[in-house]
Amino acid sequence: MSTSHKLFELAKNVIPGGVNSPVRACLSVGVDPLFIDSAQGAHLTTVDGEKLLDFVMSWGPMLLGYSHPEVQAAAAAAAAKGSSFGAPCAQEVEMADAVVRTVPSIEMVRMVSSGTEATMSALRLARGYTGRSKVLKFVGNYHGHSDSFLASAGSGLATLSIPGTPGVPEETVAHTLLAPYNDIDAVRDVFAKHGDEIAAVIVEPCAGNMGLVLPAEGFLQGLRDVTTEYGALLIFDEVITGYRASLGGAQGRFGITPDLTTLGKIIGGGYPVGAYGGKREIMERIAPCGDVYQAGTLSGNPVAMAAGLATVQLLEQADYATLEARTAALVQDVKAIFAEKSIPVQVNTVASLFTVFFAEEPVVDFESAQKADGERYASFYRQMRQSGINLAPSGYECSFTSFAHTEADYDAFLSAVRKVQF
Ligand SMILES: *Cc1c(COP(=O)(O)O)cnc(C)c1O
């Protein structure tokens, strides 16, 4: 029996489902999870010594690759001086300064410990600032697991077919309004009815939690216009796209200025970090400067800040254009291989993100994402894993490339795809 299998058996006894985050259980692809011992560059090594070429990259954080020496060194140096102080430290100020420098719309930023915490805090701030209660979110967009956002949220909830979740009061989601992604007319209809009650529209500027779905031409600008018209805030949830869609995130790429932005994943350099930031006037409403309460014992943790800062500084010098071109070429080749096999696929891509949908029609929203063949994706996942390639264990997720992936890695990915058959 493999060590992975033994660990999973033990885990199931002491951790619900054997995992600390549902999608990791690999339920929708019908296999057991692999337990990872170490990771380097673009490669994972399991507890059984099996090597896998990875296209998940910890769900996005490892844009520089696993165990980047400079990030490791920065974290180790900080840890050697003490792991947590619960008092201000230099690293968090430098980190905040780096975020303000790199993300176009952010003038002030507050550090938290996860993406979930970032979005729930941003929503509280938007509600406090506007004095309104409702939030508009998009079907299939995921903003972490806080109550208000657990209506029609993609990813884990999509594959587990939980229509929201027990444990969230109806009264809470009653304040959550929904519209289909990329449907600006639907958004305008919601505003026509509830415009003066809506505190904020929250959107993934490139949706990454129903598989990758790109914003239609004019969609983000339309959101900017309608929120401005009604005095609601526009929140870009850039937990995936921050530092990935471009150095300045999706807002930098598309030239749209949100009022608030949430960050996570990449900015922690692999440590648990989230952040929310935006216009000074809004951010100054947060305690102790203002009256909207939000706090965190481990917020601005020196080790996490050191790793995050090293990551952002390295990304400021990184060659995003080449990574994007390489990813685009990979996607072209994947499409060509499946075309040759007469297997219908839609491969959405932007920057270093892509998703292979086994679908006949373009995927532009949650409804079209749901038309993709989940069985086929599961088989694809299993066959790729047999060939030593690790993909997201759900068709409702993105695949991630990184600055650590080499030409040989892309070739290995394509050889594995060539072998796939249904
Ligand atoms: C991952 C993710 C979150 C939640 O972040 P956690 O760190 O998992 O809490 C929020 N929004 C988006 C867009 C995400 O992809």
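The values are calculated or read from the model by the stated rules, or taken from the named source; none is laboratory data. Values in this document were obtained by computation on a predicted structure and should not be read as measured data. When we count neighbours, we look across all protein chains shown, and the Cβ atoms used for this are built from the backbone with ideal geometry, even at glycine. Please note that ligands, DNA and RNA were not included when accessible areas were found on the heavy atoms of the full protein model with its side chains. Shrake-Rupley method; radii C 1.70, N 1.55, O 1.52, S 1.80 Å.
Descriptive notes on the structure:
- When residues of region 116-129 are limited to those that are within 14 Å of the ligand (Cβ to nearest atom) and open to solvent by 20 Å² or more (accessible area, probe 1.4 Å), the one farthest from Thr311 (Cα to Cα): Met120
- Candidates in region 130-152 are the residues that are open to solvent by less than 10 Å² (accessible area, probe 1.4 Å) and touching a strand residue (DSSP E or B) at 6+ places or on another chain (Cβ under 8 Å); of these, the one that is farthest from the ligand (Cβ to nearest atom) is Leu136.
- Against the conditions (1) in contact with a strand residue (DSSP E or B) (Cβ under 6 Å, 6 or more places away or on another chain); (2) within 30 Å of Ala179 (Cβ to Cβ); (3) open to solvent by 10 Å² or more (accessible area, probe 1.4 Å), Asp409 satisfies every one except (2).
- Region 295-323, residues that are buried (at least 18 other Cβ atoms within 10 Å of the Cβ) and either β-branched (Val, Ile, Thr) or touching a strand residue (DSSP E or B) at 6+ places or on another chain (Cβ under 8 Å) (or both): Ser299, Gly300, Val303, Met305, Thr311, Val312
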